[in-house]
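In what follows, a single structure is set out as structure tokens and then discussed.
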Amino acid sequence: MNEILKGIRPLDYVLAGLMTAAGVVLMVENITATDADLPHPLSTTTWAMLPVFLLVTLPILWRRRNILAVVGVTAVATLAHVVAFGWVTRCGVVIPLGFALAYAVARFAGSWLNQLIGLGGIVVLELVMLWRDASIDTVASALVIALPGIALFYGIGVLVQNRVTKQSAAVATVHEHTAA
């Protein structure tokens, strides 16, 4: 059990907890919806969609260990949820989750190739979710929010990572001078 939780920091728990709590609230709203005025009628109101949606929100807990795996698992879990349950509302959680993943890609993915793979995976995640989101009229209408948000949070992550890298270099230089 310790190996599974190795490297997870308190803010990771907070982020995963917030995303998961929002996911639970959203899925309960889908399940208990009566006569919802949505662009697309709900395909189902089964309680089964709630535990399956946890597979979408929980992987962000491991973002520091392997962000590309987290993006991949999140995208696959979202696809499974879309295929299994069809038209339900997911955008209220998956769009902000995409923002958090974009920040994490900037911070933890490493090389530029990994950064591009991570960002590509996030775009796929958003497209898969929007493909059958009951609250979204058209995919394009939601991408106007999702894509700039992903870019903004990625940019913030890049700035933070650059600052962390500079601080680490400065500390290393100080240690070199004191060791000499």
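The values are calculated or read from the model by the stated rules, or taken from the named source; none is laboratory data. All values derive from a computational prediction rather than experimental measurement. Reconstructed Cβ throughout: ideal geometry from the backbone, glycine too, with neighbour counts over all protein chains shown. Remember, those area values only see protein heavy atoms, side chains included, never the ligands or the DNA or RNA. Shrake-Rupley method; radii C 1.70, N 1.55, O 1.52, S 1.80 Å.
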If I build a Gaussian network model for the chain, linking alpha-carbon pairs within less than 10 angstrom, which residue out of Ile145, Ile60, Ile95 has the largest mean-square fluctuation? Ile145
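Just from its helices, what would the mean residue ellipticity at 222 nm be for the chain, if runs of 4 or more DSSP H residues each count -39500 (n - 2.57) and the sum is divided by every residue, rounded to the nearest 500 deg cm²/dmol?
Numbers: 7 runs with 134 residues, N = 180.
So the helix-based figure for the chain works out to -25500 deg cm²/dmol.
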Extension gain, Val14 back to Thr34 (0.36 nm per residue minus Cα-Cα distance, nm): 4.0 nm
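Step by step: find N for the stretch 78-166, compute 2.2 N^0.38 Å, then divide the Cα radius of gyration by it. What's the final number?
Working: Rg = 14.0 Å, N = 89, 2.2 N^0.38 = 12.1 Å.
Taking the Cα Rg and dividing by 2.2 N^0.38 Å, one obtains 1.15.
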Of Trp112, Trp87, Trp131, which is the most mobile in a GNM of the chain whose springs link Cα atoms less than 10 angstrom apart? Trp112
Counting only heavy atoms of protein chains, what accessible area per residue, in Å², does the chain have with a probe of 1.4 Å? 54
Over the chain, what percent of the accessible surface lies on carbon and sulfur atoms, probe 1.4 Å? 70
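Residues with beta-carbon under 14 Å from that of Ala134, excluding Ala134: net charge, scoring Lys, Arg +1 and Asp, Glu -1?
-3
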